[in-house]
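Enquirer: First, the structure itself, so that you have it in front of you.
The values are calculated or read from the model by the stated rules, or taken from the named source; none is laboratory data. Note that the coordinates shown come from a computational prediction; the quantities given were computed from them, not determined experimentally. Don't worry about glycine lacking a Cβ; one is built from the backbone with ideal geometry, like all the others, and counts go over all protein chains shown. Side chains included, ligands, DNA and RNA excluded: accessible areas come from the protein's heavy atoms. Shrake-Rupley method; radii C 1.70, N 1.55, O 1.52, S 1.80 Å.
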Amino acid sequence: MPKIYLGPAGVPHSAKKKNTVEGIRTVKELGLNAMEVEFVQGVKMSPESAEEAGKVASELGVRLSVHAPYFINLCSEDREKVEASKKRILDTADRAERMNADAIAIHIAFYGKKSPEECYQIVKSELGEVVDTARSMGIKNVKFGVETMAKETAFGTLDEVISISKELKGVIPYIDWAHTFARQGGQINYGEIIDRLIKELNLSHINSHFESLVFRNGKYIDEHLPIDNNTPPFEPLAKEIMKRDISITLICESPELERDALKMKKILEDLGYKF
């Protein structure tokens, strides 16, 4: 039987106050058991608030992960932007460690004028430095998750995130199922991806996002929709998870947040999972 952690990306819409601690409490009240803390517009949480969030999450049995700011590009031509990106990743990792989050999701780079191969080598070097710096700062437990990306211009094919995770200790793939579906031209084999992650990386836990995407001008683009759009469908993923003795976090990045997370929960329960 798998171990599944399921919850929203950010504070649930139904939370009475829009802060992280209230979000965690609401997640628990809803019968969910995970939440991704969103730093997408910047790391604005104090170290003390991060520690408090971690304490509440631990007491309530809610597993936390964190999303790093969007303004990150380790392949930028501008050295200042690269250094600022590295600082944002380190600030995110610091707060994540303080709240006992297991991993951070990072939109790591855009190819820009470089080839994917050139960008890969740069990401490997710069991210390797970030991880080394983090460990020297006492950030021991947080994993650095390189997210799979929908855009063709972005670093983040499935092969890239698996490969860099093999090369850098402390780096993992952060699988966005819908992004991967888009990047693969509207096709996805969930079971095959899960099996690759386990076989090639020996992962003890898979961190992932789920949502649906907009279809426009003949292709799927990175605009998030409620999961009822089935782009991609959730139930086939649920079935593949249920076939395996794995540990996985499913963070709902749909605009419907907890409403769709609860739909995902019901699908899993109908397949026999007990939360």
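Enquirer: Convert each backbone phi in region 234-241 into a coupling constant with the Karplus relation 6.51 cos²θ - 1.76 cosθ + 1.60 (shift: θ = phi - 60°), then list the ³J(HN,Hα) values in order as whole Hz, x for Gly and Pro.
Expert: 7, 4, x, 5, 4, 5, 5, 4
Enquirer: Now for a different question. Please build a GNM for the chain, connecting alpha carbons under 10 Å apart, and tell me which residue among Leu257, Leu168, Leu127 fluctuates the most.
Expert: Fluctuation is largest for Leu168.
Enquirer: Whole Å is fine, so just give me how far the alpha carbon centre of region 205-229 lies from that of region 28-53.
Expert: 23 Å
Enquirer: A further question follows. As a test of the formula, what do you get for the chain when each DSSP H run with n ≥ 4 contributes -39,500 (n - 2.57) and the sum is divided by the residue count, at 222 nm and rounded to the nearest 500 deg cm²/dmol? List each step's numbers first, then the result.
Expert: Values: 9 runs with 115 residues, N = 275.
Using -39500 (n - 2.57) per qualifying helix, the result is -13000 deg cm²/dmol.
Enquirer: Shifting gears a bit: Quick one: among Ala96, Ala15, Ala57, which has the greatest mean-square fluctuation in a GNM of the chain with alpha-carbon springs under 10 angstrom?
Expert: Ranking Ala96, Ala15, Ala57 by mean-square fluctuation puts Ala15 first.
Enquirer: Could you work out what % of the accessible surface of the chain is carbon and sulfur, using a 1.4 angstrom probe and leaving DNA, RNA and ligands out of the count?
Expert: Working: 5950 of 12240 Å².
Using a 1.4 Å probe with all protein chains present, the chain comes out at 49 percent carbon and sulfur.
Enquirer: Summing Lys, Arg as +1 and Asp, Glu as -1, what charge do residues with Cβ under 10 Å from the Cβ of Val43 carry, Val43 excluded?
Expert: Numbers: positive: Lys44, Lys87, Arg88, Arg95; negative: Asp91, Asp94.
Neighbour charge sum, excluding Val43 itself: +2.
Enquirer: Could you tell me which residue out of Ala105, Leu64, Ile89 lies farthest along the dipole of the chain toward its positive end? Charges go on the beta carbon: Lys and Arg +1, Asp and Glu -1, centred on the Cα centre.
Expert: Farthest towards the positive pole: Leu64.
Enquirer: How many lysine pairs does region 121-275 hold where the Cα atoms are under 18 Å apart and the two sit 8 or more places apart or on different chains?
Expert: Lysine pair count for region 121-275: 20.
Enquirer: With a 1.4 Å probe and every protein chain left in place, work out the accessible area per residue of the chain in Å², rounded to a whole number. Let's see the in-between values first.
Expert: Details: 12240 Å² over 275 residues.
Dividing the accessible area of the chain by its residue count gives 44 Å².
Enquirer: Treating cross-link reach as a plain straight distance, find the aspartates and glutamates whose alpha-carbon is under 12 Å from the alpha-carbon of Lys114, omitting any fewer than eight places away in the same chain.
Expert: Excluding near neighbours in sequence, the set is Glu77.
Enquirer: Between region 122-186 and region 59-74, what is the separation of their alpha carbon centroids in Å?
Expert: 14 Å
Enquirer: Excluding ligands and nucleic acids, what accessible area in Å² is computed for Cys75 using a 1.4 Å probe, to the nearest 10?
Expert: My reading of the accessible area for Cys75 is about 10 Å².
Enquirer: From the backbone phi of region 125-140, what are the Karplus-calculated ³J(HN,Hα) couplings (6.51 cos²θ - 1.76 cosθ + 1.60, θ = phi - 60°) in whole Hz, Gly and Pro given as x?
Expert: Working through the residues one at a time gives 5, 5, 5, x, 5, 4, 4, 4, 4, 4, 5, 5, 7, x, 7, 9 Hz.
Enquirer: Same structure, new question: How high is the relative contact order of region 127-186, given as a whole-number percent (alpha carbon pairs under 8 Å, six or more residues apart)?
Expert: On the way: 70 pairs, mean separation 21.8, N = 60.
The value is 36 percent.
Enquirer: Compute the longest continuous run of the chain that contains no exposed GluC sites (Glu not before Pro); treat a site as exposed when its DSSP state is not H, G, I, E or B and it has at most 14 other Cβ atoms within 10 Å.
Expert: Values: sites that count: Glu77, Glu152.
That gives 153-275 as the longest site-free run.
Enquirer: Right, next: Treating only the Cβ of Lys, Arg, Asp and Glu as charged (+1, +1, -1, -1), what charge dipole size does the chain show about its Cα centre? Round to the nearest 20 debye. Don't skip to the answer; put the middle values down first.
Expert: Numbers: 38 positive and 43 negative charges, 85 e Å.
Dipole magnitude for the chain comes out near 400 debye.
Enquirer: Right, here's the next one. What residue among Val62, Val21, Val214 shows peak mean-square fluctuation when the chain is described by a Gaussian network model with Cα springs under 10 Å?
Expert: Val214
Enquirer: Same structure again: Assign unit charges at the C-beta atoms only (+1 for Lys and Arg, -1 for Asp and Glu), then state the dipole size of region 117-163 relative to its Cα centre in Debye, rounded to the nearest 20.
Expert: Working: 5 positive and 9 negative charges, 77 e Å.
Dipole size: approximately 380 debye.
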